[in-house]
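Written out below as structure tokens is the structure these notes cover.
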Amino acid sequence: MIIVREDDGTGGCICCSGGMGGFAKKEHSYDGIRKVAEECERLHREIRERFGDDGVDIIQIEPRAYLYLIPKVLKDILKFNPSIPSVIRTIFLWYPVPVVIVNGKPVGTGRVPTTDEVLRELK
Amino acid sequence: MTVNAMPLVVGALCVMAIFYRYYHGFIASKVAALDDSRKTPAHTMYDGQNYYPTNKWVLFGHHFAAITGAGPLIGPVLAAQFGVLPGYLWILIGVVIAGAVHDFIIFFSSVRHGGKSLAEIARMEISPLSGIIASIAILFILVVALAGLGIAVINALSESSWGTFTIGCTIPIALFMGLYMYKFRKGRIAEGTFIGVIFLILAVVFGKDIAHSSFAPYFTLPKTKITLFILIYGFVASVLPVWMLLCPRDYLSAFMKIGTIAFLAMGIIIVHPELKMPLLTNYIHGGGPIIHGKLFPFVFITIACGAVSGFHALVASGTSPKMVSKESDIKTIGFTAMLIEGFIGILALIAACSLFPADYFAINVPPGIFGKLGLSVVNLQQLSAETGENLLGRTGGAVSLAVGMAQIFTSVPGMRHLMDYWYHFAIMFEALFILTTIDTGTRVARFMIQEFGGKFYKPFERVDNLPSAIVSTALITCGWGYFVFTGNISTIWPMFGTANQLLAGIALCVGTTVIINMGRTKYAWVTLVPMAFVMATTLSAGWMNITQNFIPMTQKEGFVFQGYINSILTAAIMICAVIIILDSFRNWYRSVFMEKKEILVKEVVSD
């Protein structure tokens, strides 16, 4: 399960400025991004509590980590064989962030899905 | 004697691999004793938001993107005045012995301290005084860094309608992307970034038409005007909501950075250029036209990022330690990310050294001074014609790097006639993340000023307080703007290097304290040796800068104030570093000798 969402702490070119780091917490215009992150936190926690540490592989990444995302998604697609339209959307990142990719298929694009939605896909 | 780039590239990769396998392996297993059975803050403080276990390669990508910026590109280019060898050796030896160890040990310390920042670790491990001083040092370094990077962009854009148009376009493009990704088609990051990249490429392409049109005079601006615009940009951008400029530009620069650096690496491997710069130049004895001091100690502060950089301590004690899944991952992330940054520094050095020395100096030195060097340009006229820019006296490092990169790119088969496009693409690539740095740096410094002001007047601390935000932003912008207006790359870059290296020295000092406090005093040399070297070279360079450059400046009419300000600020940061070292010595003495004595006394009493 891959949770793709933006992060407030990684904002800004960090080299030679230190980046926003902990100061991002003071920036009110990050509120939208933080709210989504809190929702992802809730989902992450609930899935982890349900399946334990080793039951489900949960990865939270930023949209920037596409170099990691693409092979991972391709591997999931080959393994779980989801529908062609969802394969195309997933490979070309054709969805709004936040998104949760479960077994190669995007679930709840543009919003953080409920735990039930994710569980349905996981099962 | 000239050398080919290929043996340098291959040699650097081999040295890095050997050190990673053996020396860094030794530090990870014996000094830090990484232990995967210990839970990291990502598990113990797990909140799924800031603290959460992250895959090693994802975190590596994030950490690497965070530490790689303009510094490792510009420093080596400026240090090329000493020849190929000094810069190459310092980057290579510095990165394996000091830089990678510095990043690793701070990363490790932060993980063992619950993901705390460098200043907090200094406060906890050394004393509260050291914590405060580390914060002051960080603020000062930020101001000088912004000035140093700002001047590089300003010199690249002055009197260049193509460059100014292209860079100017990045602002409306980023604003459009911000509105697109966060308002019109919420969350469509990939779509927005794709459109942004297309627009950026179009801005580079159509910049040529602008330069040859009746609009050209509107974009052909002198240095003073460009400086003013950059200052206004820094002020406005740092108070705007992050989604408007910072976030979209961040996406653009992240993708551009990875793509361009990868392409440069491939270009150098395919083209493997002959380096025209000699191994050593006469300027190793001092009197260089770019950096005035001698090779020792000035090469060590000219190349900061790339060899060892204090800013990395802020990243290594920032978000990365909160997300690392297990301790053994710190080895891969902490060491390797820095080794690759060193490799990028070597690529930048190669790009600059592939120019003929006279052409390199003609670009990096003001024309008046270049005339006195007794050098005749070789390819400059041709390069100027091919890039469509007057390259003479474009100091700051950014232009010669762009010319070097463009020269390598155009040597790749099929690219021969694209020199002007590649040059402006390279300028856009550099300016893109320098402007992001200016935005972020001014914003962070503003928060620090507000935090500090809040100790005297509570409402000043509130970041949503508009008057407080404006006053503090104005203070910071005026601070770095002052250096840009009054200085040049020869005065600002050594100050930036001094400040950055002293921060690295402070971080290594904190790292040594952590090692000693862990009871591994016999291994403290792994950080103590680089700390001693970095501190010795940087304090010497700082002192020489004050006595040989800034104090004589006070004797010149019109430079009195600037001379005193530069002297006082350099001295202040040096004093900060010395206080932390002395404070650490006290702490080390207490840990090593006093505790031994206490144990002996206890043993005697129990006997």
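The values are calculated or read from the model by the stated rules, or taken from the named source; none is laboratory data. Worth saying up front: this structure is predicted, and the values here are computed from it rather than measured. Counting neighbours? That spans all protein chains shown, and the Cβs are built from the backbone with ideal geometry, glycine included.
Annotations for the structure displayed:
- Flag if A:Glu41 is closer than 30 Å to B:Leu503 by Cβ, crowded, with 18+ Cβ neighbours inside 10 Å and facing chain B (nearest Cβ under 9 Å): no
- The requirement of being free of Cβ contacts under 8 Å to residues at least 12 places away in the same chain and crowded, with 18+ Cβ neighbours inside 10 Å is fulfilled nowhere in the range B:18-35; no residue meets it.
- Selection status of B:Ile198, among the aliphatic types (A, V, I, L, M), touching a residue at least 40 places away in the same chain (Cβ under 8 Å) and more than 14 Å from every other protein chain (Cβ to nearest Cβ): no
- Of everything in the range B:445-476 that is farther than 25 Å from B:Gly168 by Cβ and facing chain A (nearest Cβ under 9 Å), the residue that is surrounded by the fewest Cβ atoms within 10 Å (Cβ to Cβ) is B:Asp464.
- Residue among B:Gly396, B:Gly441 that alone is touching a residue at least 40 places away in the same chain (Cβ under 8 Å), within 30 Å of B:Gly479 (Cα to Cα) and within 14 Å of chain A (Cβ to nearest Cβ): B:Gly441
- Number of residues in the range A:59-89 that are of a type in the set (D, E, K, R), surrounded by 15 or more Cβ atoms within 10 Å (Cβ to Cβ) and either in contact with a Pro (Cβ under 8 Å, 6 or more places away or on another chain) or away from chain B (no Cβ under 11 Å) (or both) equals 2.
- If you filter the range B:553-576 down to residues that are among the β-branched types (Val, Ile, Thr) and touching a residue at least 12 places away in the same chain (Cβ under 8 Å), you find that the one that is farthest from B:Val510 (Cα to Cα) is B:Thr554.
- Enumeration of residues in the range B:252-280 that are over 25 Å from the mean Cα position of the chain (by Cα) and among the basic types (Lys, Arg): B:Lys276
- Failed condition for A:Asp54, given (1) at pLDDT 85 or above; (2) within 14 Å of chain B (Cβ to nearest Cβ): (1)
- Filtered residues of the range B:34-64 (kept if more than 7 Å from chain A (Cβ to nearest Cβ) and assigned to a helix (DSSP H, G or I)): B:Pro41, B:Ala42, B:His43, B:Thr44, B:Lys56, B:Leu59, B:Phe60, B:His63, B:Phe64
- Scope the range B:366-395; condition among the hydrophobic types (A, V, I, L, M, F, W, C) and over 22 Å from B:His417 (Cβ atoms); matching residues: B:Ile369, B:Phe370, B:Leu373, B:Leu375, B:Val377, B:Leu392
- Criterion (aliphatic (A, V, I, L, M), more than 14 Å from chain A (Cβ to nearest Cβ) and under 30 Å from B:Ile346 (Cβ atoms)) met by exactly one of B:Val111, B:Val153, B:Val144: B:Val111
- So A:Phe92, is it in contact with a helix residue (DSSP H, G or I) (Cβ under 9 Å, 6 or more places away or on another chain), at the interface with another protein chain (Cβ under 10 Å from one of its Cβ atoms) and surrounded by fewer than 21 Cβ atoms within 10 Å (Cβ to Cβ): yes
- Residue among B:Gly99, B:Gly69 that is touching a Leu at 6+ places or on another chain (Cβ under 9 Å) and either at the interface with chain A (Cβ under 10 Å from one of its Cβ atoms) or β-branched (Val, Ile, Thr) (or both): B:Gly69
- Look at (1) under 11 Å from the mean Cα position of the chain (by Cα); (2) in contact (Cβ under 8 Å) with a residue 60 or more places away in the chain and you find that A:Ile58 fails only one, number (2).
- The single condition from (1) closer than 24 Å to A:Gly22 by Cα; (2) buried (at least 24 other Cβ atoms within 10 Å of the Cβ); (3) modelled with pLDDT under 90; (4) not hydroxyl-bearing (Ser, Thr, Tyr) that B:Trp493 fails is (1).
- Of all residues in the range B:97-120 being of a type in the set (A, V, I, L, M) and surrounded by 24 or more Cβ atoms within 10 Å (Cβ to Cβ), the one that is modelled with the lowest pLDDT: B:Leu118
- For the range A:11-38, filtered to residues that are modelled with pLDDT under 85 and more than 7 Å from chain B (Cβ to nearest Cβ), the residue that is farthest from B:Ala445 (Cα to Cα) is A:Lys25.
- When A:Pro98 is tested against (1) within 13 Å of another protein chain (Cβ to nearest Cβ); (2) over 23 Å from B:Ile195 (Cβ atoms), exactly one condition is not met: (2).
- From B:Gly168, B:Gly187, residue being away from chain A (no Cβ under 14 Å) and surrounded by fewer than 24 Cβ atoms within 10 Å (Cβ to Cβ): B:Gly168
- Filter result (under 15 Å from the mean Cα position of the chain (by Cα) and surrounded by fewer than 19 Cβ atoms within 10 Å (Cβ to Cβ)) within the range A:110-120: A:Gly110, A:Arg111, A:Thr114, A:Thr115, A:Glu117
- Selection from the range B:439-477 of residues that are closer than 26 Å to B:Ala174 by Cα, among the acidic types (Asp, Glu) and within 27 Å of the chain's Cα centre (by Cα): B:Asp439
- Check on B:Thr513, more than 14 Å from chain A (Cβ to nearest Cβ), within 30 Å of B:Ile151 (Cα to Cα), modelled with pLDDT under 95 and crowded, with 22+ Cβ neighbours inside 10 Å: no
- Close contacts from the range B:305-318, counting a first residue that is more than 15 Å from B:Val96 (Cβ to Cβ) and a second that is acidic (Asp, Glu) and crowded, with 24+ Cβ neighbours inside 10 Å, with Cβ to Cβ under 6 Å and a gap of 6+ residues or different chains, come to B:Ala316/B:Asp103.
- Test result for B:Ala79, assigned to a helix (DSSP H, G or I), under 17 Å from the mean Cα position of the chain (by Cα) and closer than 26 Å to B:Asp329 by Cβ: no
- Within the range B:361-391, the set of residues being closer than 16 Å to B:Lys223 by Cα and surrounded by fewer than 16 Cβ atoms within 10 Å (Cβ to Cβ) comprises B:Pro366, B:Pro367, B:Asn390.
- Residues of the range B:332-376 classified as closer than 19 Å to B:Gly83 by Cβ, outside any helix (DSSP H, G or I) and not polar (S, T, N, Q), total: 6
- Some residue of the range B:543-552 being surrounded by fewer than 16 Cβ atoms within 10 Å (Cβ to Cβ), over 23 Å from the mean Cα position of the chain (by Cα), touching a residue at least 24 places away in the same chain (Cβ under 8 Å) and over 26 Å from B:Ile438 (Cβ atoms): yes
- Residue match in the range B:241-257 (condition: more than 20 Å from A:Pro63 (Cβ to Cβ) and part of a helix (DSSP H, G or I)): no
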